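Here the structure comes first, spelled out in structure tokens, and everything after it is commentary.
The values are calculated or read from the model by the stated rules, or taken from the named source; none is laboratory data. Keep in mind it's a predicted model, so treat the numbers as computed, not measured. When the accessible area is computed, the model is the full protein with side chains, heavy atoms only, and any ligands, DNA or RNA have been set aside. Shrake-Rupley method; radii C 1.70, N 1.55, O 1.52, S 1.80 Å.
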Amino acid sequence: MRKVSFLFFITLTLLTKAQTSYYHPFPDSNAHWNQREGMVVGNCSYAMDYSIFFGNDTVIGSHIYHKLIRSGNDFSSSCSGSGYFYNDPFTFIRQDTIQRIVFMYN
């Protein structure tokens, strides 16, 4: 019985495909992400609703970075009743496809 179990697990191990760390290039144009966040603190609730998209490229040091813009609004549904709209650079990214590395500059 032990030999059958051992052969079964060996066969299963050889036939099973594992996930690998395959490199997926980060998009460099025409990408758009939407996000909604919220939290409740005591009796107050807050929400952030925004989009992240590509802006103009910029040079930092000797490298060209893609500017990611965050646009949206923060608002409170209770307590303060305040909110504001923003449209500002979120971060800057560049990627080295040969080394398969994405760099981020805040």
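Given (1) open to solvent by 90 Å² or more (accessible area, probe 1.4 Å); (2) modelled with pLDDT under 85, identify the lone condition not met by Asp74.
Every condition holds for Asp74 apart from (1).
Output the residues belonging to the stretch 3-50 that are open to solvent by 100 Å² or more (accessible area, probe 1.4 Å), modelled with pLDDT of 75 or more and not in a loop (DSSP other than H, G, I, E, B).
Of everything in the stretch 3-50, those that are open to solvent by 100 Å² or more (accessible area, probe 1.4 Å), modelled with pLDDT of 75 or more and not in a loop (DSSP other than H, G, I, E, B) turn out to be His32, Asn34, Arg36, Met39, Val40.
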